[in-house]
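The values are calculated or read from the model by the stated rules, or taken from the named source; none is laboratory data. Since we're looking at a predicted model, the values are computed, not measured. FYI the Cβ positions are ideal-geometry reconstructions off the backbone, even for glycines, and counts take in every protein chain you see. For accessibility, only protein heavy atoms count, side chains too; no ligands or nucleic acids. Shrake-Rupley method; radii C 1.70, N 1.55, O 1.52, S 1.80 Å.
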Amino acid sequence: MNTKKPWGGRFTGTTDEFVESFTASVQFDARLGEIDARCSQAHAKTLLHAEILNQAEYDAIVTGLNQIIVDIQADRFPWDPALEDVHMNIEARLTQMIGEPGRKLHTARSRNDQVASAFRVYLLEHGDALQRALVTLQKALLAQAEANIDTIMPGFTHLQNAQPITFGHHLMAWFEMVERDVSRLKDWQHRTNVSPMGSAALAGTSFPIDRQIFKDAMKFREISRNSLDSVSDRDFVIELASILSLIMVHLSRWCEEVILWISPAFKFVDLPDELCTGSSIMPQKKNPDVAELVRGKSGRVLGHLQSLLLLMKGQPLAYNRDNQEDKEAVFDALDTTAQCVAAMQLLIEGLEPNREKMLELAAQGHPTATDMADWLVRHDVPFRTAHESCGNAVALADSRGIELHDLKLAELQEINPAFDESIYECLTLDGSVRSRRHPGGTAPEAVKQAIAQAKLRLSQ
């Protein structure tokens with residue numbers, strides 16, 4: 001193609017076709033189109049205030065950009081790769097539509113502050129959408145937790161039976177992970193919500209513009225304080241990719257548990273048929289493909305974070321064309337994370353706990369050994385002595401293939417004379433769980449309180 005470039009005044013030759021194709025970004029940054037047009041309307045308002053545009057020129061620009069927004073939304077905007085990027089495509093189309101006023105629009109700005117502004121707005125808006133999706137996921141977790149306040153299951157460390165807990169308590173641990181994810185998004189939004197417009201290419205502009213006008217029109221929190229940093233900063237992209245990576249790490253951990261739980265070795269939960277697939281050769285199979293895909297896609301998002309960090313690590317100030325590579329990575333990370341959050345919501349809502357199997361496995365492996373040691377401590381036995389005595393009791397039970405509560409009192413008293421008949425009350429799963437009723441504990445009353453507090457936080 002030999003389309004005349006908006007920057008082509010100092011060039012005598014045409015751009016090599018391969019270079020034109022290699023440097024074009026419109027195939028992926030076109031998704032910024034609607035926001036870029038809105039930003040251009042805000043910039044035009046700044047130019048009107050500075051008397052760089054008259055009222056008629058401003059009105060023509062705004063009207064033309066409104067039509068461009070409609071065309072973009074209707075997927076009929078004529079994107080041209082020869083015009084390189086979303087910004088030049090929109091400016092060229094606007095000039096074609098309204099004539100000379102379109103050629104004035106780029107006064108007092110550069111594509112450097114233009115893309116930094118549109119990119120921030122895009123990520124902020126999609127960050128809002130992701131935050132809402134995470135809150136919806138939290139509500140699904142609360143509903144499942146509330147339905148399983150009394151459901152006893154084994155709690156694991158090192159994937160070994162450790163102590164009995166409630167399934168509701170386990171789900172509330174997942175809830176807390178999402179709570180931190182939402183908090184990180186809010187914190188990121190505060191730092192990202194800063195307007196770079198007015199920084200121009202790198203040094204600011206000599207035109208007497210009021211940067212507050214653009215800031216207010218685009219609902220930014222404040223204007224940036226340094227023009228060099230404004231156009232070259234991609235911390236907001238890397239930080240978002242880091243948050244997305246943590247979200248995906250959380251979802252991946254949950255999926256690993258669901259995949260284990262649905263297996264015949266655990267049989268803790270079942271999933272609806274519509275969330276699973278079968279085997280092309282083994283008729284009996286019911287595979288948790290949704291969970292496996294979420295787990296797999298986490299690596300993809302983490303990879304994008306790594307690529308963004310490497311993209312920026314060697315760049316001098318100010319803007320460099322390397323930064324064209326920032327968008328595909330974070331766009332895909334956002335898309336992937338949003339899809340996985342939606343998938344996870346379906347999984348949480350579809351989980352059907354097998355309470356009997358959970359209870360059966362929770363009773364294995366001497367899960368109340370810590371309760372036995374605590375009982376001794378409450379009867380004036382030093383904890384280390386109590387720990388040793390209970391270890392001896394576990395060894396005895398193992399040697400006989402029984403659980404702690406099956407040992408006779410006389411056998412326990414040979415290990416430590418402090419034991420009496422009341423020890424058996426704390427060796428039940430129900431007694432162990434209900435004893436941990438402090439805030440943050442696994443007792444049903446503590447979980448019920450945690451759910452109520454979580455609902456209150458979500459409502460604020």
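Would you confirm, using the coordinates I've provided, whether VAL447 is at pLDDT 95 or above and touching a strand residue (DSSP E or B) at 6+ places or on another chain (Cβ under 7 Å)? Break it down stepwise before answering.
Working: at pLDDT 95 or above: yes; touching a strand residue (DSSP E or B) at 6+ places or on another chain (Cβ under 7 Å): yes.
Here the answer is yes, as VAL447 does meet what is asked.
Among the residues examined, LYS286 qualifies as open to solvent by 40 Å² or more (accessible area, probe 1.4 Å) and modelled with pLDDT under 95.
Among the residues making up the range 257-274, those that are buried (at least 18 other Cβ atoms within 10 Å of the Cβ), part of a helix (DSSP H, G or I) and of a type in the set (A, V, I, L, M) are VAL258, ILE262.
Scanning the range 26-55 for residues that are open to solvent by 10 Å² or more (accessible area, probe 1.4 Å), more than 30 Å from the chain's Cα centre (by Cα) and of a type outside the set (S, T, N, Q) yields a total of 6. Is it the case that ILE69 is under 36 Å from the mean Cα position of the chain (by Cα), surrounded by 23 or more Cβ atoms within 10 Å (Cβ to Cβ) and closer than 24 Å to SER195 by Cβ? For ILE69, the condition - under 36 Å from the mean Cα position of the chain (by Cα), surrounded by 23 or more Cβ atoms within 10 Å (Cβ to Cβ) and closer than 24 Å to SER195 by Cβ - is not met. Could you list, in sequence order, the residues of the range 158-188 that are open to solvent by 10 Å² or more (accessible area, probe 1.4 Å) and not in a helix (DSSP H, G or I)? Those that are open to solvent by 10 Å² or more (accessible area, probe 1.4 Å) and not in a helix (DSSP H, G or I): HIS158, LEU159, GLN160, ASN161, ALA162, GLN163, ILE165.
Being free of Cβ contacts under 8 Å to residues at least 40 places away in the same chain and either crowded, with 20+ Cβ neighbours inside 10 Å or over 30 Å from ASP270 (Cα atoms) (or both) is the filter here; which residues of the range 291-323 pass it? Hits for the range 291-323 are GLY303, GLN306, SER307, LEU310, LYS313, GLY314, PRO316, ASP322.
Here is a yes/no grid of residues against (1) in contact with a Leu (Cβ under 6 Å, 6 or more places away or on another chain); (2) open to solvent by 60 Å² or more (accessible area, probe 1.4 Å):
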residue	(1), (2)
GLY350	yes, no
ASP374	no, no
VAL381	no, no
ARG384	no, yes
ILE415	no, no
LYS448	no, yes
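The set of residues in the range 11-68 being among the hydroxyl-bearing types (Ser, Thr, Tyr) and either over 22 Å from ASN112 (Cβ atoms) or not in a helix (DSSP H, G or I) (or both) consists of THR12, THR14, THR15, SER21, SER25, TYR58, THR63. Of the candidates ASP398, ASP326, ASP430, the single residue that is open to solvent by less than 60 Å² (accessible area, probe 1.4 Å), assigned to a helix (DSSP H, G or I), acidic (Asp, Glu) and out of contact with any Pro (no Cβ under 6 Å at 6 or more places or on another chain) is ASP326.
Looking only at the range 433-452, which residues are in contact with a helix residue (DSSP H, G or I) (Cβ under 9 Å, 6 or more places away or on another chain) and in a helix (DSSP H, G or I)? Lay out the reasoning, then the answer.
First, pick out the residues of the range 433-452 that are in contact with a helix residue (DSSP H, G or I) (Cβ under 9 Å, 6 or more places away or on another chain): 433-448, 450-451.
Residues satisfying the conditions are VAL433, ARG434, PRO444, GLU445, ALA446, VAL447, LYS448, ALA450, ILE451.
Among the listed residues ALA116, ALA82, ALA108, which satisfies the condition of being surrounded by 17 or more Cβ atoms within 10 Å (Cβ to Cβ), small (Gly, Ala, Ser) and part of a loop (DSSP other than H, G, I, E, B)? Steps first, answer last, please.
Working: ALA116 fails: part of a loop (DSSP other than H, G, I, E, B); ALA82 fails: part of a loop (DSSP other than H, G, I, E, B).
Exactly one of ALA116, ALA82, ALA108 is surrounded by 17 or more Cβ atoms within 10 Å (Cβ to Cβ), small (Gly, Ala, Ser) and part of a loop (DSSP other than H, G, I, E, B), namely ALA108.
Residues considered: VAL121, VAL135. Of these, the only one that is hydrophobic (A, V, I, L, M, F, W, C) and either in contact with a Cys (Cβ under 9 Å, 6 or more places away or on another chain) or without any contact (Cβ under 8 Å) to a residue 24 or more places away in the chain (or both) is VAL121.
Scanning the range 431-446 for residues that are free of Cβ contacts under 8 Å to residues at least 60 places away in the same chain and touching an Asp or Glu at 6+ places or on another chain (Cβ under 9 Å) yields ARG434, ARG437. Within the range 205-237, the set of residues being surrounded by fewer than 18 Cβ atoms within 10 Å (Cβ to Cβ), in contact (Cβ under 8 Å) with a residue 60 or more places away in the chain and under 30 Å from GLY303 (Cα atoms) comprises LEU228, ASP229. Restricting the range 1-10 to residues that are assigned to a helix (DSSP H, G or I) and open to solvent by 30 Å² or more (accessible area, probe 1.4 Å), the residue that is modelled with the lowest pLDDT is GLY9. Checking each residue in the range 238-250 for being over 30 Å from THR205 (Cβ atoms) and either touching a Lys or Arg at 6+ places or on another chain (Cβ under 8 Å) or open to solvent by 60 Å² or more (accessible area, probe 1.4 Å) (or both) picks out ILE243, LEU246, MET248. Could you tell me whether any residue of the range 87-100 is in contact (Cβ under 8 Å) with a residue 60 or more places away in the chain, over 30 Å from ASP270 (Cβ atoms) and open to solvent by 20 Å² or more (accessible area, probe 1.4 Å)? Within the range 87-100, one or more residues are in contact (Cβ under 8 Å) with a residue 60 or more places away in the chain, over 30 Å from ASP270 (Cβ atoms) and open to solvent by 20 Å² or more (accessible area, probe 1.4 Å).
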